[in-house]
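These notes are about the structure you will find just below.
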Amino acid sequence: GDVSPPPSTVVGHTKTLAKVTFNPSVVEQTRIARNGILGDFIIRYDVNRELSVGDVQILNGYFVHYFAPTDLPPLPKNVVFVLDSSASMVGTKLKQTKEALFTILQDLRPEDHFNIIGFSNRIKVWQQDRLVPVTPNNIRDAKKYIHNMSPTGGTNINSALQTGAKLLNDYIAQNDIDARTVSLIIFLTDGRPTVGETQSSKILSNTKDAIRDKFCLFTIGIGNDVDQKLLERMALENCGMTRHFQEDEDAASHLKGFYDEIGTPLLSDIRVDYPEDNVEQVTQNFFPNYFNGSEIIIAGKLINRTSDSLHVEVTASNSKKYILLKTDVAIDLPSRNDIRGVPGLEDGKGDKNYIERAWSYLTIRELLNSRLKSDDNQEKDHLMEKAKSMALAYNFVTPFTVLKMREAGLHSERPQEEFISPSTDGIGEKLQSLQGHKAPPGMRKKNNPCIDKKSSDGDPHFVIDFPSSKFSICFNIDGEPGDILRLVSDHKESGVTVNGQLIGAPAPHKGHKKHRTYFSTITILSNKPERSYLEITPKRIILDDGERLLLACDRSAVVRSSSLEVSVSANSNVTVTIRDTISFVILIHRYKKPARYQRDHLGFYISNSKGLSSDSHGLLGQFLNHEVKLLQESLNPSHQQVGQNQTQASKPNPTNTLKVKGRLVPVVWKQRRIYNGQQEVDCWFAKNNADKLIDGSYKDYLASHPFDTGTSFGTMNSP
């Protein structure tokens, strides 16, 4: 409800011009919203509009024409919804699609006509060979049809579009539909063509031949598996638009928002003309449709600088009549677009001829679209070079240009990889870690791990430090790929559970193990004060505390709520802090060119366990509140406790023993590297999957699924 602009926003304006500048500091960004710099900066504006040719602005030999009429009656629509119901749509994607369609159907007007096609490897048409009018009964039956759609089979994009185009073409021909209606197909999929015609070029040509410029095609892609280039080109070649939504986004609201953009056509066949001897290099000036809430923008260069006016004609049709609008725009109006002396508008030479920049922006966009539609490699190269040259001249970022930024003024520290060591943090916390071997010889260690960081991890290696005893213990878990290990289990008390899922890889040549395993996913669950969870992989983090948020591991970010903080150091580590009393650090290991036995994986550390209860369990959690004694075995059966000054002398002895909860555990002396090989730890190693060291056997720590929150040792349940 707050309509005031966010901090640091400066709005400067005249009667005919406005400039918005947004330049928040790091502190201001964190105050704006929970997502901080991940948030979108949205500008909502309008102009004084009436049924006229619109607003034409002219400056220094360039013009820009804005056409956005309002208060027109909507045009009737003939719409066919073509919806993917293949097996890959199972779950959230199909559910959200159905929810959006229920709302969209409710928004159809009485003068509209519609039909629905569901497709997988089979094509299912709701109403055969016709479009039906919008009536309460038809809307009810359409909702039932959508509700009963179930995901199955492959993806036959070509046949689905051919069926939709034929349905719409036949309806237009049989019902003598005139130009004062708008016909369109709305096509939605989450995948690539897998059934029938699968060659993109053939699908494109077949679709264009079927539509024959009689109506427009609007395409929507969901998720990462969709062929977005195919969808974008299909829309461009058939006068439509395309949208792409991530699978983890709120697809229902995005779909509804996209429909709202095209759901109210006000005009069709809009053409804007200027005298040919007065202008050149004019951008697109014919538009099949104009939708309520949108805006048509045309720009160009003036040839005849001596003329004192520019003649403009706009022709279009709406539901009741054809429209022809004419006017002459005065050219010599320097004061009208003068930005001198206006706060926020007079900085920067490039902004003063903003009309030339508008023309260059539209021209670059059209060049890129033309390149996308072209099948001629020579033509594509020419269009790319032309767009790149113009982008460099006018400082626009495109797929062929990059933006280099220089720091000025306030400098923020570069994110550093930071870990808490028991010997230096002054708190006496145990540091429980799960990590791998040191980097192979010849590899550089890096203080700031990056995406091509290299390290060699074997099966999960646990290192547990006992500061009061001044020694560490370590052990391996030889799990199976797919196993989910419970690392921390304190669901009843603190409400926290941590599970790690293993992924397999072949063992190195001449190795003694049949395979290697790594942690591919770490899941952190907390149910106090409210339920939330984190699912972390080497590439992305899903945070769900009632609002689902997706973070990339290659971008630094900080997300805070009342009881949870997630801090991402790009390509390095993720720190999770719960209620300021529990902290976990997850190291990110990714390989640029992995060996056959290497996999991208994670390392897990407990850096603060104050908030975990004394009843904590799990492969790591059971050692948080229990001490372990080191015994030295003599020649006689009796054992004596080793003093701290005797520990060093006992290192070479292979028969040393640990005493854990009354159990005697034989151990050997080893050295391990943690923190991606940056720190060396001397430890006592327990063999045989930590036999006798841990309560029970490692199989007792297997969770049934990533969200399993076993409430006590040996039991499992779901939250």
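When ASN175 is tested against the conditions (1) buried (at least 18 other Cβ atoms within 10 Å of the Cβ); (2) modelled with pLDDT under 90, the lone failure is (1). Only residues that are of a type in the set (Asp, Glu), at pLDDT 70 or above and loosely packed, with under 15 Cβ neighbours inside 10 Å were counted across the range 41-55, and they come to 1.
Inspection of the range 382-389 finds a residue satisfying the criterion of being closer than 25 Å to GLN57 by Cα, assigned to a helix (DSSP H, G or I), in contact with a Phe, Trp or Tyr (Cβ under 8 Å, 6 or more places away or on another chain) and modelled with pLDDT of 85 or more. Please go through the range 70-91 and give me each residue that is out of contact with any strand residue (DSSP E or B) (no Cβ under 6 Å at 6 or more places or on another chain), of a type in the set (A, V, I, L, M, F, W, C) and either surrounded by fewer than 18 Cβ atoms within 10 Å (Cβ to Cβ) or assigned to a strand (DSSP E or B) (or both), ordered by number. Selection gives ALA87, VAL90. Evaluating ASP700 against the criteria (1) at pLDDT 85 or above; (2) part of a loop (DSSP other than H, G, I, E, B); (3) open to solvent by less than 80 Å² (accessible area, probe 1.4 Å) leaves one unmet condition, (2). Scanning the range 184-219 for residues that are among the hydroxyl-bearing types (Ser, Thr, Tyr) and surrounded by 23 or more Cβ atoms within 10 Å (Cβ to Cβ) turns up THR189, THR207, THR219. Within the range 193-229, track down each residue that is assigned to a helix (DSSP H, G or I) and within 22 Å of GLN96 (Cβ to Cβ). Listed by number, the list holds a single entry, GLN228. Tally the residues that are in a loop (DSSP other than H, G, I, E, B) and either open to solvent by 10 Å² or more (accessible area, probe 1.4 Å) or farther than 21 Å from GLN501 by Cα (or both), restricting the search to the range 566-624. Final tally of qualifying residues: 24. Mind checking whether some residue in the range 258-281 is within 16 Å of ASN369 (Cβ to Cβ) and basic (Lys, Arg)? No, that holds for no residue.
Consider the range 501-518 and keep the residues that are outside any loop (DSSP other than H, G, I, E, B) and touching an Asp or Glu at 6+ places or on another chain (Cβ under 9 Å). The one that is farthest from LEU564 (Cα to Cα) is HIS515.
The values are calculated or read from the model by the stated rules, or taken from the named source; none is laboratory data. Nothing here was measured: the structure is a model prediction, and the numbers come from that model. In this analysis, Cβ positions are derived from the backbone assuming ideal geometry, glycine residues included, and neighbour counts consider all displayed protein chains. The area values use the complete protein model at the heavy-atom level, side chains included, leaving out ligands, DNA and RNA. Shrake-Rupley method; radii C 1.70, N 1.55, O 1.52, S 1.80 Å.
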